[in-house]
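S.K.: Just passing along the structure, written as structure tokens.
The values are calculated or read from the model by the stated rules, or taken from the named source; none is laboratory data. Small disclaimer: the values here were computed from a predicted structure and weren't measured. Quick reminder, even Gly has a Cβ in these numbers, built from the backbone with ideal geometry, and neighbours come from all protein chains shown. We work out accessible area using only protein heavy atoms, side chains counted, and drop any ligands, DNA or RNA first. Shrake-Rupley method; radii C 1.70, N 1.55, O 1.52, S 1.80 Å.
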Amino acid sequence: MTTDVNTRELALEMLISINEEGRYSHLVLREVLEKYQYIGKKERAFLTRLTEGTVERQITLDYVLNRFSKVKVKKMKPLIRNLMRMSTYQIMYMDKVPDSAVCNEAVKLAKKHGFSGLVRFVNGVLRNVARGWKEVDFPTPGIAYSMPEWIIEEWEASYGREKTGQILEGFNREAKLTVRTNLSRCTPEKLKKRLEEEGVTVSEVQEIPYAFALSDYDYIAGLKSFQEGLFYIQDISSMMVAQTAAPEKGDYVIDVCAAPGGKSTHMAELMAGTGMVEARDLTEYKVELLEENRVRHGLDNMKCVQMDATVFDEESQKKADILVCDLPCSGLGVIGRKTDIRYKMTKEKAEELVLLQKKILDTVYDYVKPGGTLLYSTCSIHQSENEDNVAWFVQAHPDFSVELMRQIFPGEAGNDGFFLAKLIRSKDGE
């Protein structure tokens, strides 16, 4: 099979799919990396960084381009717009790529895709960017960090300007891939040895004793240890849900919005083959994802069920020792991994999600046994989705009390911003 693949052209195609067709960046990138598994490690790394980086820095890139181009970014033809963005990203953020090479490759791609008439424009603007971008001042944090202003305003109102700056810096740090050992199949020591035999660099993490940070791998899903279900890819902050819930052997766990299954499989593994985890989600596709992970991890104490969390299920009433409510949210805590969420989410959508979270909590809370646990979590750092929702829930349902509540910011535990609250139902349960 030929390895003659133009990585810049692939990146351009992905950016068009993400920015013009509205697809999610992490899904587009995953599809392309799976399709082109045979390309070299360096090419895959370049492709990933160029695509993710261009999406991540889009507001900044557009601001710079608008300073040097008479035709504003919004007025450019879609292919040219994305070509100019990714070329400017290389000039500004990829030091090992010569500016002359960036301009030449951009010209070649413009010609190849039928835009010979815009070659002088592409070349001229990019060369002006290369000469002058370092003199450009960014007037707002939103432009400097490529973050919509409404998000920054929300965070500054909740956490103040200094903390907001730390959050923004946290998203720009290089993310590490973290995994947790499938304790039902091997020990952390055996997993570490196995990964190292496969050429992966393995580092221990402080927060979870059976988790590791991985580097120097090529294609993670190509590892035999992954295919055999010896580990699960999951951020440290997300692992803390099951760790905090602390299921005991024989417990019945219901996870109402479970796909793709990280928290459900974690719970089942911690119970060492006993009890049952009922992993639920809304669509057939999501249940298939859950079943795929259940099978790969060899978990007989987990079952996957298609169910709408907004509809009360009488058979579940007071059935769960632990109820996991990792609910649909704005996702603004995982911007570091899903770079385009910042552009797809709006203030209005975030407010609608708060209402959905309340509706689900108000529907499923009675699944918890008297004396049982409700674990509420989101991958958000918006107070309205987190602390405010917990305060509302406890007031509406006084038989629940807060045992633990924690807002995790990007970089504090793993890569993601994350929120979790452990609530205990009174033994009366009324």
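S.K.: For Lys303 and Tyr38 in one chain, what is 0.36 nm times their gap in residues minus the Cα-Cα distance, to one decimal in nm?
M.R.: Here the segment from Lys303 to Tyr38 would lengthen by 91.9 nm.
S.K.: I would also like to ask the following. Can you pull the percent of the chain's accessible area that's carbon plus sulfur, 1.4 Å probe, other chains left in place?
M.R.: 49
S.K.: Shifting gears a bit: Determine the per residue accessible area of the chain with all protein chains present and a 1.4 angstrom probe, expressed in square angstrom.
M.R.: It amounts to 46 Å² per residue over the chain.
S.K.: Pull up the cross-link candidates among the lysines for Lys70, meaning alpha carbon to alpha carbon under 30 Å and not fewer than 8 places away within one chain.
M.R.: Counting by Cα, and skipping residues close in sequence, Lys70 has these lysines nearby: Lys96, Lys108, Lys111, Lys112, Lys134, Lys344.
S.K.: Efficiency by 1/(1 + (r/R0)^6): what FRET value for Glu21 and Lys77, r their Cβ-Cβ distance, R0 = 22 Å, to the nearest 0.05?
M.R.: Calculated value: 0.90.
S.K.: Kirkwood Rh over alpha-carbon pairs of segment 1-135, then Stokes-Einstein at 4 °C and 1.567 mPa s: what D in µm² s⁻¹, rounded to an integer?
M.R.: 86
S.K.: What is the distance, in nm, between label points placed 7 Å from the Cα along the Cα-to-Cβ direction at Asp218 and at Glu351?
M.R.: Each label point lies 7 Å from its Cα, and together they span 5.1 nm.
S.K.: I'd like the FRET efficiency for Glu248 and Asp388, computed as 1/(1 + (r/R0)^6) with the beta carbon distance as r and R0 of 25 Å, rounded to 0.05.
M.R.: 0.20
S.K.: What number, rounded to the nearest 500 deg cm²/dmol, is the helix-based mean residue ellipticity at 222 nm of the chain, given -39500 (n - 2.57) per DSSP H run of at least four residues and division by all its residues?
M.R.: The helix-only estimate for the chain comes to -14500 deg cm²/dmol at 222 nm.
S.K.: Given a Förster distance of 35 angstrom, what is the FRET efficiency for Ala396 paired with Leu177, based on the Cβ-Cβ distance and rounded to 0.05?
M.R.: Plugging the Cβ-Cβ distance into 1/(1 + (r/R0)^6) gives 0.35.
S.K.: How far is helix 41-56 tilted off the main Cα axis of the chain, in degrees rounded to 10, range 0 to 90?
M.R.: Orientation of helix 41-56: about 90 degrees from the principal axis.
S.K.: Which one of Tyr210, Gly298, Val71 is farthest out on the positive end of the charge dipole of the chain, using unit charges on Cβ (Lys, Arg +1; Asp, Glu -1) and the Cα centre as origin?
M.R.: Val71
S.K.: Okay, moving on. For the chain, what is the percent of antiparallel DSSP beta bridges, rounded to the nearest 5?
M.R.: 60
S.K.: I would also like to ask the following. Angle between the Cα long axis of helix 7-19 and the longest principal axis of the chain, 0 to 90 degrees, nearest 10?
M.R.: The angle comes out near 60 degrees.
S.K.: Taking only C-alpha pairs under 8 Å that are 6+ residues apart, what is the relative contact order of the chain in percent?
M.R.: Normalised by residue count, the contact order of the chain is 12 percent.
S.K.: Evaluate 2.2 N^0.38 Å with N set to the residue count of segment 264-314, then give the Cα radius of gyration divided by it.
M.R.: Normalised Cα radius of gyration, segment 264-314: 1.14.
S.K.: Using every Cα-Cα pair within segment 302-382, state what percent have a distance larger than 20 Å.
M.R.: 42
S.K.: Same structure, new question: Setting aside same-chain residues fewer than 8 positions from Lys369, which lysines have a Cα under 29 Å from its Cα?
M.R.: In chain and number order, the partners are Lys249, Lys263, Lys286, Lys303, Lys318, Lys319, Lys358, Lys359, Lys422, Lys427.
S.K.: With angles folded into 0 to 90 degrees, how steeply does helix 99-112 sit against the dominant principal axis of the chain? Use alpha carbons for both and round to 10.
M.R.: Tilt of helix 99-112: around 90 degrees.
S.K.: Quick one, what does Rg over Rh come out to for the chain if you take C-alpha atoms and the Kirkwood Rh?
M.R.: 1.00
S.K.: Take the alpha carbon atoms of segment 158-255, find their radius of gyration, then divide it by 2.2 N^0.38 Å using N residues; give the quotient.
M.R.: Rounded to two decimals, the normalised Rg is 1.29.
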